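See structure below.
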Amino acid sequence: MRELIEYKFNPYVRCSGFLYIRYCCDPEYVWSWMRKYLLDDEEFQLTLDGQKTTIGEYVEKLLMEQDYLS
């Protein structure tokens, strides 16, 4: 898992790793996996219309989803 979320050549590979952690790992361990990436400033194109975001913002959105908090 660590190889996916630290992959240096493609941010979309990293995002797939974060998605896996978010939806497949025990919620008790999600924070310990993701917390260090909240300040990651690698940019990537999030949507087809050219909207960009950072890995840190993406991770934050995954952590703040309503269904995760309830």
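Taking the range 1-10 on its own, how many of its residues are farther than 12 Å from Val59 by Cα and open to solvent by less than 100 Å² (accessible area, probe 1.4 Å)? Give the steps one after another, and end with the answer.
Step one: filter the range 1-10 for residues farther than 12 Å from Val59 by Cα, giving 1-4, 6-10.
Add one more test, that the residue is open to solvent by less than 100 Å² (accessible area, probe 1.4 Å), and what stays is 1, 4, 6-7, 10.
The qualifying residues number 5.
Of all the residues in the range 44-64, those that are open to solvent by 80 Å² or more (accessible area, probe 1.4 Å), hydrophobic (A, V, I, L, M, F, W, C) and in a loop (DSSP other than H, G, I, E, B) number 1.
In the list Lys52, Lys36, which residue meets the criterion of being of a type outside the set (A, V, I, L, M), without any contact (Cβ under 8 Å) to a residue 24 or more places away in the chain and in contact with a strand residue (DSSP E or B) (Cβ under 7 Å, 6 or more places away or on another chain)? Please lay out each step first, then the result.
Values: Lys36 fails: in contact with a strand residue (DSSP E or B) (Cβ under 7 Å, 6 or more places away or on another chain).
The unique qualifying residue is Lys52.
Scanning the range 20-43 for residues that are in a helix (DSSP H, G or I) and open to solvent by less than 70 Å² (accessible area, probe 1.4 Å) yields Ile21, Arg22, Val30, Ser32, Trp33, Met34, Tyr37.
The values are calculated or read from the model by the stated rules, or taken from the named source; none is laboratory data. Since this is a predicted model, take the numbers as computed values, not measurements. In this analysis, Cβ positions are derived from the backbone assuming ideal geometry, glycine residues included, and neighbour counts consider all displayed protein chains. Just so you know, the surface numbers come from the protein's heavy atoms only, side chains and all, with ligands and any DNA or RNA stripped out. Shrake-Rupley method; radii C 1.70, N 1.55, O 1.52, S 1.80 Å.
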